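Everything below concerns the one structure shown next.
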Amino acid sequence: MPAVRSSGPVLGLLGALAAATAALELTGSPLAPALVPACLALGSGATAVVAQRGAARLPGRSARPWRAIALATALLALGQVLATVRSGAHLEFGGAEDVPMLLAVPVAVLAAMRLLPPRSRRWPGSRAVLDGAIATLAVAVLGHVLLAALLAGVQGTADGLIAVGYPAVGAVLVGVGLVTCTAVRGARRTAAVWLLAASVAMAVVAVGGALGRTLGSTADTVATEQAWLAMLAASVLAVRSDPGEPATPDHDRPIVPLRGLVLASGVASGVLLLLLAGVLAGRPLDPVEAAGGAALVATTSLRTALWAADGYRLTRRLVRTEGYFRALVHSGDAVTLVLDGAGRIGWASGAVEAQLGWTDRELTGRLLAQLLDDGDRDLVARVAQAVRGGTTVGLLPATVRLRTRDGSRRDVDVTGAASAPAAVSGPGGRTGLVLHLRDVTDRSRSRRELERMAYTDFLTGLPNRARLMAALGEVSTAAAPGCLLLVDLDGFKTVNDVAGHDAGDRLLCEVAETLRSAAREDDVVARLGGDEFALLVRAGRDEATVFAERLVVLLDRDHRPPAPDGSARGGLVLPVSGSVGVAELRAGEDPAEAVRRADLALRAAKAAGKNCVRTTGEALDRVVDRRARLARDLPDAIVDGGLSLALQPIVGVEEGRVLGLEALVRWRHPELGDVPPEEFVGVAEDEGLVVPLQRWVLGAATAALAPLLAQGRDLELGVNVSVRHLQAGCLAADVARALAASGVPASRLMLEITESVLVEAEDRVERELAALREAGCMISIDDFGKGHSTLARLSRLPVDVLKMDRDFVAHIEDDPRTAAVVASVVELGRTLGLDVVAEGVETPGQLSVLRGLGCRFLQGYLLGRPVPTADLPAVLAAPYAGVLDGDRLPSQV
């Protein structure tokens, strides 16, 4: 900044001027009367320039003190210029040069007052003003003592004014400077101290000037000139050290201003000691000095009384505040510890003994880290570093283990931290810490119990599925081999049904104990649910297979539930065994995939006659890999047109033509070839893709039917609907969207649902079917007779068509009972007003029997295979009278 850059040269100039003026005066140079005032004028002018530049760098109100200093030093320079011009006159009698110098005094006082903070924030209190008054009075008394001999010989008004006025001005300047130094705090305090130094130097100038003017002493003149230049140097330093007013209010004001009290008391004591020394030396006191000394004693005593009152008031406030603080701390459930920079406990408050197991007296002086477990001892250092960095986010709250007086351990939460007061420090000036701690032992114990319950089967005490999956995740990332064994009990349902659930629970507990005893220490034995268990063994495939075979032997036994009277004899004997599926774990494998492969092996064991072991091999792995590939590629096939549509005709016996078409979806995988519908539809249902798959079928099928209807064809379209689509609650909206896009009337669409809907139908499903029926769509029950539907449910649902399962049709020629069932279904449909369609018609004999039973609608390879949309015209144009009369029609491929 300009003021800072120019202050250095100016200080050097003032030093050179001090040496030059001293040399001129002490050598008695005839040029001194002209050159000394010129030197003082030059120094005063340079100081004015520095002050003006300092004011220019500060904004607004911050610049006002230095503008006043610039004006004051400019007036002093003007006075010295006039003194230089009048160098040949008798200056001891005063002259025009004194006028600007005297005018500089109130300007300097104004500068000091401008340095005070704004009245809206702070103004000197009565204590600071009294300190300034004491200092002013002390300097005035001191000046009178020094000028006593001079005042006794003063003759004339001018000399009297000079001899009395100059010391009075100095006293006022010192008092104002002291008030300013006391009131100003914070960043501007240094500037105020330099202004006080300038005021003291100005007082020396005033006293020395009075002595020099009246006595003409060379020593007094040199001292006055050096004090003048020192006053200018202090002003330059004040300008340089002022950063300006802070942007935010300064709240760092002490309740008791001690600095002013110390300075004022020191000056007053010094002056009183000087008067006492004079009296002891035989120097008489004149009335003015006696009055001044008495006034100093009175004002100093008053100031001391005010200081004592302030101390009493502050002590009461401190006691009251400490009481509030202690009440606040003890009312909470946290303990507050104050640590010094070394981590040693210096103060503890709150329910210390109840929370930490120590009394506050026992904790005081101990290192907190020594009370913590080894793994937690670095927390204090880490928290201290975080507090110095400005934030503890991510570190606190933290739970540590703390040793109590009796040697037990408690879980303690460190909930907050802050820097301790500056007075609390350690070696090297390290800042202390304030920590807030809370005993959470009960909460931690409850959490651990909840975690145990969350990962434990309540009946057997074994780990549950969640714990097994976590263990599988850990093993999959390790290099050591491992295998997963799934164990399913054979005969458990019989025990439950015959002997009751209590007997079944006892059997599960016995099996759990058997598995736990057979497993090694580092194996995980878990219950997945029902009668299914799992073992995670740290062994290779061959060793795990041998272990699984041993488990089969251990589980193959007769279970004897207690008799009704509680005795062990005379009870039932129920055979129980176990089937085991073994899957070798792969590095990085998803735990769910490992369970799925082990489940496939378990199914293979069940299919092989139970009570045996099967392991995953290439065949099972290929099945798993193929299924995973289909699940991964099916979404792209739905979106990118990888699916195709095939339509199979439904023929009316009486009409002798095609009355309807059933839409069937096909998928030719680019690498796996044709994928059977029952395979990829099952994948779609398991992977949550059945809704988008059936949306595609609805759109493609209705788009294929629309041009046929436009040609005048009288056809209906059947589309299979999954129960999952019904349960999703969006089938009606999807159907409406497909019909609107194709322009096909709703009455031409028949939605085929499986018979399981009749058993599992919820209110929401029934509402969905009712909405579709109300919109005009027909509802068909597919594979009727295969499930467990009830006539009551059938009569309630909005059904239009029954499609008999192909298993009935397959044996209708050689099984009279099957023919009787088919006849009853046809009659049931006629009674309920439902059309009946026979699926799977493949031979003329089946066709003949069905016609004889009165079944009006037929579907099967005999009448037509599923064909692509492009081949439909040929199928629709083919004559069906011959095949219906017994002549076989070639199947469309």
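No lab work stands behind these numbers, since they all come straight from the coordinates. These numbers were taken from a predicted model, which means no experiment stands behind them. Neighbour counts are summed over all protein chains in view; Cβ atoms, including those assigned to glycine, are modelled from backbone coordinates with ideal geometry.
Between D636 and D378, how many nm apart are label points set 7 Å from Cα along the C-beta direction?
The answer from the label model is 4.8 nm.
Using alpha-carbon positions, what is the distance between the centroids of segment 59-87 and segment 487-535, in Å?
Measuring centre to centre over Cα atoms gives 104 Å.
Which order do V352, V487 fall in if you start with the one that has the fewest other Cβ atoms within 10 Å?
Ranking V352, V487 by Cβ neighbours within 10 Å, fewest first, gives V352, V487.
Quick one: net charge of D411's neighbours, Cβ under 11 Å, K/R +1, D/E -1?
Within the 11 Å Cβ shell, the charges total +3.
Stretch L273-R448 to full length: gain in nm at 0.36 nm per residue minus the Cα-Cα span?
55.2 nm
What Kirkwood Rh does segment 455-616 have if only Cα atoms enter the pairwise 1/r average? Answer in Å.
16.0
Provide the FRET efficiency to the nearest 0.05 for the A96-A20 pair, computing r from the beta carbons and using R0 = 35 Å.
0.90
Could you list K610, K493 in order of exposure, starting from the residue whose Cβ has the fewest other Cβ atoms within 10 Å?
K493, K610
Please list the non-local residues whose amide H lies under 5 Å from the amide H of D523, H modeled 1.01 Å from N, same-chain partners needing a gap of 5 or more.
none
Counting other beta carbons within 10 Å of each residue's own, what order do H501, H811 fall into, fewest first?
H501, H811
So for each of 76-83, 682-689 I average, over its residues, the number of other beta carbons within 10 Å; can you give me the resulting order with the highest mean first?
Per-residue Cβ counts within 10 Å, averaged per peptide and sorted highest first, yield 76-83, 682-689.
Could you order the peptides 859-866, 873-880 from most to least packed, using the average number of other C-beta atoms within 10 Å per residue?
Answer by packing, highest mean first, reads 859-866, 873-880.
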